[in-house]
1. State yes or no: is A180 surrounded by fewer than 19 Cβ atoms within 10 Å (Cβ to Cβ) and among the hydrophobic types (A, V, I, L, M, F, W, C)?
2. Mind telling me which of the residues R187, R208, R194 ends up being modelled with pLDDT under 95 and either farther than 18 Å from L18 by Cα or charged (D, E, K, R) (or both)?
3. If a residue has to be out of contact with any helix residue (DSSP H, G or I) (no Cβ under 9 Å at 6 or more places or on another chain) and either outside any loop (DSSP other than H, G, I, E, B) or at pLDDT 95 or above (or both) to count, how many in the stretch 136-183 make the cut?
4. So, Q94, is that one free of Cβ contacts under 8 Å to residues at least 12 places away in the same chain and surrounded by fewer than 20 Cβ atoms within 10 Å (Cβ to Cβ) or not?
5. Which of the residues spanning the stretch 172-231 are closer than 20 Å to L141 by Cα and of a type in the set (V, I, T)?
6. If you go through the stretch 104-130 one residue at a time, how many are modelled with pLDDT under 95 and either closer than 16 Å to M61 by Cα or among the basic types (K, R) (or both)?
7. I'd like the full set of residues that are in a helix (DSSP H, G or I), of a type in the set (S, T, Y) and exposed (fewer than 15 other Cβ atoms within 10 Å of the Cβ), limited to the stretch 184-207.
8. Only one residue in R117, R134, R188 is in contact with a Gly (Cβ under 9 Å, 6 or more places away or on another chain), in contact (Cβ under 8 Å) with a residue 24 or more places away in the chain and farther than 24 Å from E85 by Cα. Which one?
Amino acid sequence: MSRLRDHVISDCLTFYILGSTVSSQWSRTSANRHFQYVLPLLERAESNSYLSCPSVLLQIMLSASYLCGVDPNSAAEEQTPPEEEALMLMRRAQAFDIHAWAQVVQGISSHDDFESRVHVASAHKSAICLYIHRVVPSAHLLNAKAVEALVDDTIHHLSCIDRGDSLIKGTAWPTFVAGAESETSERRAWAAERLMMLWKLMLWGYLRTALETLQVVWGVNDIDPETPGSAVGWLQKLKKLGIEWMVV
């Protein structure tokens with residue numbers, strides 16, 4: 001019963017974290033005291049999580065989501081400026097060793113899926129770095145070349161997971177992020193086809209919503225393309241449009 005409980009709690013936390021990435025601004029004050037309890041709960045069911053996103057990266061994602069929309073000038077004196085906090089989160093994410101994590105999980109998993117776990121986790125890692133960059137645009141964490149490299153890396157790892165792989169169910173979020181960052185018709189077509197493939201496999205309504213949202217993002221970007229150094233990226237545009245939903 002305890003294992004079942006851990007799995008249920010872990011899944012609920014995962015859904016909450018992924019949902020927080022596109023939700024309205026949260027309170028940093030109320031959030032910070034909860035982060036310390038999240039990691040142990042996620043780790044207990046890590047080997048059986050369909051998402052195959054390392055718990056440490058999920059915790060980083062949750063921390064980053066609470067920075068979105070924070071006005072650097074209104075932060076309380078006792079709080080770390082959002083730009084500094086975003087930089088710390090970016091460094092933590094970049095330093096995370098995917099292969100070492102996958103080896104540990106493989107040792108307690110009942111499935112021989114090491115390579116697939118590496119690819120899915122690596123896609124999440126790159127997508128999370130892109131997300132952190134978008135959460136606090138004023139931090140200027142990534143230049144255009146670095147963004148391009150992370151999008152390429154995300155697409156590469158996702159392309160290594162075919163429709164017959166059981167871990168494909170956990171690839172919607174990085175697919176969406178890669179699509180949101182895409183400016184070429186080829187990349188946009190890839191993201192659209194990938195989300196449609198996932199929808200046909202699982203028939204989860206949010207996948208259609210994710211594709212429709214990407215189409216909105218692309219339309220807005222075509223009308224109002226991002227300029228170098230701009231403080232408004234796809235995440236800010238989504239929030240300005242009042243679009244909120246959960247990609248899991």
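The values are calculated or read from the model by the stated rules, or taken from the named source; none is laboratory data. Bear in mind the structure is a predicted one, so any value in this text is a computation, not a measurement. Here the Cβ positions follow ideal geometry from the backbone for every residue, glycine too, while neighbour counts run over all protein chains shown.
1. no
2. Answer to the selection: R208.
3. Of the residues in that region, 3 qualify.
4. no
5. Listed by number, the residues that qualify are V177, T227.
6. Qualifying residue count, the stretch 104-130: 1.
7. S185
8. Of R117, R134, R188, the one residue that is in contact with a Gly (Cβ under 9 Å, 6 or more places away or on another chain), in contact (Cβ under 8 Å) with a residue 24 or more places away in the chain and farther than 24 Å from E85 by Cα is R188.
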